[in-house]
Amino acid sequence: MNKRQSIETYFEAFRAKNTELLTTVFDNGFGVRTFLGDLVLSLRAIESLFTKYQLNNVGITEYVEQNDVVYIKATVTYTIDSLEISEDIIGRFIFNENLITRAYEAVEKVGYTRIMCVVTYDGSTYSGFQRQPGLLTVQGEIEKGLRFLTKEDISIYSSGRTDKGVHAINQTFHFDTLSKIKPIDFARVLGNYLPDSIYLKSSKFVHSTFHSRYDASSKEYMYKINIGENNPIQRNYEWNVNGITTEVLKKELESIIGTHDFTSFTKTSEDKRSIRTILSVTIEEKGDFLNISIIGNGFLRYMVRYLVGTAVEIAKGDIDNSLLDFIEYKDSSKVLWKAPSCGLYLKKVTYFE
């Protein structure tokens, strides 16, 4: 079966609501984002999606194959809530040895260009990244700048929100625009409309199926700890901690590498799934400073701050439980120690090829 036949079979399986047919074209560890915005990562999730709407017909109108990536345009008709709808969609399919490993669909927005930006910001004066009525936020300032520049009401979509006081070295976001400004020039031009605490490092064109949050394969957070003399000038950019045993701190944080249920390390139920994979943990010592780097396939809200805060308490000798003990509890009421936001930085976001 060639790639085009695999894509045609993929759509036929959705039309026929046949998960067994999907197994003939899917790679292990597949992911699908449909044109209706659903993100599914398992056959069970797809079966649940089948109850949402009925795909009636798909006609591929454009097909471009570039090695292991295929771009399509298609017209689809589907029925939802007894109403038949027709949409022009675009798709990006990523293959591994002729099997679909990622499928990204989106409704086509004629005339619009999707642009991805990388931004760094000092979060100490902001009430977080996400737009909030009446509050100063990073998203709000960027969208305000876009309105001045393009005269459009543009919403931006980030790789994930950062909380009040949290900083970013390489945060990513995307947006759609009718502007004729070259994508590569957007960072420079838009930067003229932003405060000094926000700096756009780069901008580029991305395919309209790209999504800054859902296409991320991993994120890296860095946490800065000062174990020496307190420096009030740096109070918004590091956490001053005394009396910890560095080797214990390292041992505890390195113990969480792997896949775990991190229910204990969040105070919100907005994440329906609490299982995450920590890919690596490193601690770099520079004099009186510790830079903790944690890379994972995703993070729950406050997860890094609770992990670091709890590890510090353990390294002080104030509690007997280990991080792995708290993970096993799966009980957020047992984890009381959250590191302050000032020392946390979103360092890097990595995307699937």
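No lab work stands behind these numbers, since they all come straight from the coordinates. Since the model is a prediction, treat every value here as computed from it, not as a measurement. No Cβ is skipped: glycine too gets one built from the backbone with ideal geometry, and neighbour counts run over all protein chains shown.
Setting aside same-chain residues fewer than 8 positions from Lys144, which lysines have a Cα under 26 Å from its Cα?
Answer for Lys144, where 26 Å is the Cα cut-off: Lys109, Lys164, Lys180, Lys182, Lys201, Lys204, Lys347, Lys348, listed by chain and number.
In the chain, what percentage of the DSSP-assigned beta bridges are antiparallel, given to the nearest 5?
Around 90 percent of the beta bridges assigned by DSSP in the chain are antiparallel ones.
Given springs between every Cα pair under 10 Å in a Gaussian network model of the chain, which of Val118, Val308, Val69 has the largest fluctuation?
Among Val118, Val308, Val69, the largest mean-square fluctuation in the Gaussian network model of the chain belongs to Val69.
How many nm separate the modelled label positions at Asn321 and Asn231, each set 7 Å beyond the Cα in the direction of the Cβ?
Reported label-point gap for Asn321 and Asn231 is 3.5 nm.
Between the helical axis of 303-316 and the dominant principal axis of the chain, each derived from Cα atoms, what acute angle in degrees is found, rounded to the nearest 10?
20 degrees
Lysines near Lys316 by alpha-carbon distance under 21 Å, same-chain residues fewer than 8 away left out - which ones?
Lys224, Lys250, Lys251, Lys286, Lys334, Lys338
Roughly how many nanometres apart are two label points built 7 Å out from the Cα toward the Cβ at Arg15 and Glu247?
6.7 nm
Name all residues of the range 228-261 having a backbone nitrogen under 16 Å from the label point set 7 Å from the Cα of Lys330 along its Cα→Cβ direction, giving them as ranges.
Of the residues in the range 228-261, 259-261 have backbone N under 16 Å from the label point off Lys330.
Please find the FRET efficiency linking Glu84 to Tyr199, where r is the Cβ-Cβ separation and R0 is fixed at 30 Å, and quote it to the nearest 0.05. Please report the intermediate quantities before stating the final value.
Details: r = 48 Å, r/R0 = 1.60.
Using R0 = 30 Å, I get an efficiency of 0.05.
If each residue of separation counts as 0.36 nm, what is the full-extension length gain between Ser124 and Asn96 once their alpha-carbon separation is subtracted?
Once the chain is fully extended between Ser124 and Asn96, it gains 5.8 nm.
Going by average Cβ density within 10 Å per residue, which order do the peptides 104-116, 39-51, 336-348 take, highest to lowest?
336-348, 104-116, 39-51
Would you be so kind as to identify which of Thr350, Ala168, Thr137 lies farthest towards the positive end of the dipole of the chain, taking Lys and Arg as +1 and Asp and Glu as -1 on Cβ and the Cα centre as origin?
Looking along the dipole axis, the top candidate is Thr137.
Only bridges with both residues in the range 217-351 count here: give the DSSP antiparallel percent, nearest 5. Working shown, then result.
Values: 26 of 28 bridges.
Restricted to the range 217-351, the bridges split so that about 95 percent are antiparallel.
Note the full-extension length gain between Asn2 and Thr24 as 0.36 nm times their separation in residues minus their Cα-Cα distance, in nm to one decimal.
Full extension from Asn2 to Thr24 adds 6.7 nm.
If we sort 93-99, 131-137, 259-265 on the protection proxy, mean other Cβ atoms within 10 Å, highest first, what's the order?
Numbers: 93-99: 15.7, 131-137: 12.7, 259-265: 19.7.
In decreasing order of mean packing, 93-99, 131-137, 259-265 become 259-265, 93-99, 131-137.
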